1. Here's a check for you: in the range 13-30, which residue that is without any contact (Cβ under 8 Å) to a residue 12 or more places away in the chain and small (G, A, S) is farthest from F46 (Cα to Cα)?
2. Among the residues of the range 13-26, write down those that are assigned to a helix (DSSP H, G or I) and under 18 Å from P55 (Cβ atoms).
3. Which residue, of A5, A29, A9, is of a type in the set (A, V, I, L, M, F, W, C), at pLDDT 90 or above and surrounded by fewer than 16 Cβ atoms within 10 Å (Cβ to Cβ)?
4. What about A10, is it part of a helix (DSSP H, G or I) and touching a residue at least 40 places away in the same chain (Cβ under 8 Å)?
5. Do the conditions hold for A39, that is, is it surrounded by 13 or more Cβ atoms within 10 Å (Cβ to Cβ) and part of a helix (DSSP H, G or I)?
6. Report, by residue number, each residue of the range 38-73 that is more than 22 Å from S15 (Cβ to Cβ), at pLDDT 55 or above and small (G, A, S).
7. Any residue in the range 50-57 that is without any contact (Cβ under 8 Å) to a residue 40 or more places away in the chain and assigned to a helix (DSSP H, G or I)?
Amino acid sequence: MSTRARLVAAAELESFSRAATRLSVSTPALVKQVSGFEAEYGVRVFERSHAGVRPAACWWRTRGPSCVSARTP
């Protein structure tokens with residue numbers, strides 16, 4: 001399963017646990033992959049709260065690559 005598919009599912013469902021269920025993976029595995037992606041590229045993909053997750057404006061407005069390439073090393 002691609003990272004992109006996991007990111008899109010979490011964004012559509014606004015929940016890591018519901019996305020994990022849809023994708024037939026564990027919630028901790030999904031969160032670990034998303035967090036690793038964010039750390040690797042130095043960008044926040046989701047805003048997290050007790051109510052769920054919401055796509056971070058910078059990432060989703062630019063569809064990701066522009067936001068990632070704009071980061072400073």
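The values are calculated or read from the model by the stated rules, or taken from the named source; none is laboratory data. Bear in mind that the values here come from a model prediction, so they are computed numbers and not experimental data. Cβ coordinates were reconstructed from backbone atoms using ideal geometry, including for glycine residues, and neighbour counts include every protein chain displayed.
1. S24
2. Hits for the range 13-26 are L13, F16, S17, R18, A19, A20, R22, L23.
3. Answer to the check: A29.
4. The answer is yes for A10.
5. no
6. Residue satisfying the conditions is G42 alone.
7. Checked the range 50-57: at least one residue is without any contact (Cβ under 8 Å) to a residue 40 or more places away in the chain and assigned to a helix (DSSP H, G or I).
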